[in-house]
Ligand code: CO
């Protein structure tokens with residue numbers, strides 16, 4: 001029986017050999033430790049490969065991906081990634097990255113049931129409802145793309161509202177939270193300019209002090 005993963009395994013051997021040819025110590029060094037400066041929170045979409053887009057090598061980007069790059073405080077997975085990245089790895093930047101034409105965002109604007117995923121996408125519907133008057137002025141595709149951007153802005157805020165990020169700030173750790181959007185059409189990543197570097201940028205009700 002032919003191994004159904006033979007192409008992938010063969011790709012992997014070539015990839016590993018290429019790295020060793022360029023830098024014989026590459027994997028030995030990586031196996032000792034990772035010290036990424038960035039945490040990427042992005043969409044699971046196969047067209048948005050985190051490391052490739054920003055040209056970072058293994059060891060340089062800590063990654064969390066889920067459908068539509070959502071940050072829920074009840075998500076044990078996302079919160080654990082955040083805590084580990086900040087407290088143990090001491091990342092300096094968190095980059096929430098959405099992408100235009102996001103299937104999850106598109107699905108949230110439809111009324112057809114898709115199953116469990118509809119519950120996951122609830123926050124996107126909330127964001128839509130809060131911005132409905134302005135979103136309704138746009139044509140369908142532009143409306144989805146604007147909602148993709150607004151979703152990133154909200155998820156940046158959600159990251160900042162966690163006790164994890166706020167504790168880091170209060171302890172004097174230098175940590176910036178950024179929002180970016182990627183275009184599958186042209187491969188370009190754009191900074192949405194919503195960077196947050198401290199609790200003073202948050203509305204008072206969201207500030208949590210020790
Ligand atoms: Co997506």
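Here are some notes:
- By the count of other C-beta atoms within 10 Å, a proxy for reagent exposure, 109, 82 are ordered fewest to most as 109, 82.
- Using the Cβ-Cβ distance between residue 44 and residue 163 with R0 set to 25 Å, the FRET efficiency from 1/(1 + (r/R0)^6) comes to roughly 0.45.
- Region 170-210, relative contact order [Cα under 8 Å, separation at least 6], %: 38
- FRET efficiency, residue 186 to residue 109 (Cβ-Cβ, R0 22 Å, nearest 0.05): 0.40
- Backbone N within region 88-107 under 17 Å of label point (7 Å from residue 126 Cα along the Cβ vector): 105
- Judged by the ratio a/c of the largest to the smallest principal axis of the C-alpha gyration tensor, the chain counts as oblate, that ratio being 1.5 or greater while a/b is no larger than b/c.
- For residue 210 and residue 17, the difference between the fully extended length at 0.36 nm per residue and the C-alpha to C-alpha distance is 64.5 nm.
- Bins of 10 Å from zero: percent of alpha-carbon pairs in region 96-153: 25, 59, 16, 0
- Here residue 200 and residue 90 are evaluated by their C-beta separation; at R0 = 25 Å the FRET efficiency comes out at 0.70.
- The relative contact order of the chain comes to 20 percent, based on Cα pairs under 8 Å that sit 6 or more residues apart.
- Of the peptides 54-66, 90-102, the order by per-residue mean of other Cβ atoms within 10 Å, starting with the highest, comes out as 90-102, 54-66.
- Alpha-carbon centroid distance for the pair region 143-210 / region 18-67, whole angstrom: 21
- Tensor-based shape of region 59-117 (alpha-carbon gyration tensor, a/c under 1.5 rounded, otherwise prolate or oblate): prolate
- Peptides ranked, highest mean first, by Cβ atoms within 10 Å: ranges 14-22, 115-123: 115-123, 14-22
Rule-based calculations on the coordinates, nothing more; no lab input. The shown structure was predicted, so the numbers you read here are calculated from the model rather than taken from an experiment. In this analysis, Cβ positions are derived from the backbone assuming ideal geometry, glycine residues included, and neighbour counts consider all displayed protein chains.
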